[in-house]
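Notes follow once the structure below has been shown.
The values are calculated or read from the model by the stated rules, or taken from the named source; none is laboratory data. Bear in mind the structure is a predicted one, so any value in this text is a computation, not a measurement. Cβ atoms come from the backbone with ideal geometry, glycine included; neighbour counts cover every protein chain shown. Ligands, DNA and RNA are excluded from the accessible area calculation, which covers all protein heavy atoms including side chains. Shrake-Rupley method; radii C 1.70, N 1.55, O 1.52, S 1.80 Å.
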Amino acid sequence: ELSAQDLPATDLLIVVGTSLLVGPANSLVYSVPQSTRRVVINNEPVGEELGIEYGPEAERDYFAQGKCDDVFLELIYELGWSVDYIMDDLPEYSQNLIRLKKGKN
């Protein structure tokens with residue numbers, strides 16, 4: 001119900017860990033305005049049949065390949081955000097990734 005109200009104002013759509021094969025959720029990628037940037041975080045490119053474009057010619061779409069936890073952790077560090085206050089709430093896999101990352105810094 002709210003998507004018709006919210007989608008026209010969307011300036012960034014982040015698509016995470018999906019095949020984009022199941023509707024109606026997959027319709028979100030083509031229901032946002034043409035000016036909306038779309039970021040796909042996944043192990044492999046998805047949604048090309050829905051209009052998502054990959055490669056150097058893509059102007060509005062960006063593909064961040066990898067496991068979702070890995071990609072988001074890298075983004076958190078790139079943005080300079082702290083994860084210390086949420087460490088205990090994270091799954092063990094994510095905690096281990098953070099410990100590994102901290103060991104490299």
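In Å², what does the accessible area per residue of the chain work out to with a 1.4 Å probe? Can you show the working numbers first?
On the way: 7440 Å² over 105 residues.
With the other protein chains kept in place, the chain gives 71 Å² per residue.
Accessible area of the chain with a 1.4 Å probe: how many percent of it is carbon plus sulfur?
Percent of accessible area from carbon and sulfur atoms in the chain: 53.
Using only the alpha-carbon atoms, how far is helix 92-104 inclined from the longest principal axis of the chain? Give it as 0 to 90 degrees, nearest 10.
That helix lies at roughly 70 degrees to the long axis.
Label points 7 Å out from Cα along the Cβ direction at Tyr77 and Lys102: separation in nm?
1.3 nm
Please give the contour-minus-distance gain from Tyr54 to Val22: 0.36 nm per residue of separation, less the Cα-Cα distance, rounded to one decimal in nm.
Values: separation 32, 0.36 × 32 = 11.52 nm, distance 2.05 nm.
Here the answer is 9.5 nm.
Cα axis of helix 68-79 to longest principal axis of the chain: angle in degrees, 0 to 90, nearest 10?
80 degrees
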